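First comes the structure, then the notes that go with it.
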C-alpha cells in the first residue's frame, strides 16, 4: 500500500501539489473566531468557537492555486504548440520565448498564493490577542480548552502551508535543473542536440 501511494504521487506530482495548495488555501480562508457569550440566562460567560467562511473567496481560490501551478509547467505549456505548418516559425519563436520567461519568472507565480495564505493565517493571532486582552474572556467556561484547540488547529495549518510551499518550490527547482545537462559523453550531447534541432528551439540546455 505504501509503495502504491508513493508511485501514485510520483506519477501525478502536479495534481497532488495542486490538491495540497488548494486544500491549504481553502483551510486558511476559514476564520476561527473565539467569542464570549454573556447571555443573561447563563450563570457564567460561555466561550464559543465559530468557523467563518466567505463563499465568494472560496469560489475564487482555485485561481490562486492554478496560477501558482504555472511554476510547474515548462514554458507555461507553450512548448506543446505545433512546429509544422504555415505558423511553424512563429510558434517556434513563441515556444522559445515562453520557455525563457518560465525559466526566469516561474517562482514569482507562487507569490500571490503565498501572500494570500499568509494574510489569512495572520488574522487568527490578531484575533486571539484582542480576545485575551479582555478580562471577561479568561473567566468564561471552557476558555483555555477552546483556545488551546484553536491554537493547535492554527499550528497545523501553518505547518501544512509551509510544507505545500516547500513541495511546490522543490518541484519547480527540480524541473529547472532537469532542463540543464552538464558535461556528458559525446553520444549524450549529440542526442540532446538532435532533440533541440527536432523541436526547433533549445529545450535542453547544454552547459560546459
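This ranking places 35, 84, 134 by how few other beta-carbon atoms lie within 10 Å of each, fewest first, which gives 84, 134, 35.
Any idea how far the Cα center of the range 73-112 sits from the one of the range 184-208, in Å? Cα centroid to Cα centroid, the span is 18 Å. Structural descriptor for the chain: relative contact order 25 percent, calculated from alpha carbon pairs under 8 angstrom and at least 6 residues apart.
Expressed as a fraction of 2.2 N^0.38 Å, the C-alpha radius of gyration for the range 12-58 is 1.83.
I need the calculated FRET efficiency for the pair residue 76 and residue 189, taking r as the beta carbon distance and R₀ as 25 Å, to the nearest 0.05.
Details: r = 28 Å, r/R0 = 1.10.
According to the calculation, E is roughly 0.35.
In plain terms, the residue of 67, 148, 201 with the fewest other Cβ atoms within 10 Å comes first and the most crowded comes last, giving 148, 67, 201. Protection proxy ranking of 105-118, 185-198, by the mean of other Cβ atoms within 10 Å over each peptide's residues and highest first, is 105-118, 185-198. Hull volume per residue, based on the alpha-carbon atoms of the range 102-208 and their convex hull, is 124 Å³.
What FRET efficiency would be calculated for the residue pair residue 142, residue 163, taking the C-beta separation as r and a Förster radius of 22 Å, to the nearest 0.05? Intermediate results must be reported in sequence, preceding the final value.
Values: r = 31 Å, r/R0 = 1.40.
That gives a FRET efficiency of 0.10.
The angle separating the long axis of helix 143-178 from the principal Cα axis of greatest extent in the chain is about 0 degrees. By DSSP, the beta bridges lying fully in the chain are antiparallel in about 70 percent of cases.
Starting from the Kirkwood radius over alpha-carbon pairs of the range 2-206, derive D by Stokes-Einstein at 25 °C in a medium of 0.890 mPa s and give it in µm² s⁻¹. The diffusion coefficient I find is 118 µm²/s.
A short reminder: the numbers here are calculations on the coordinates, not readings from a lab. Remember, predicted model here, so these are calculated numbers, not experimental data. All Cβ positions, glycine included, derive from the backbone under ideal geometry; neighbour counts span all protein chains shown.
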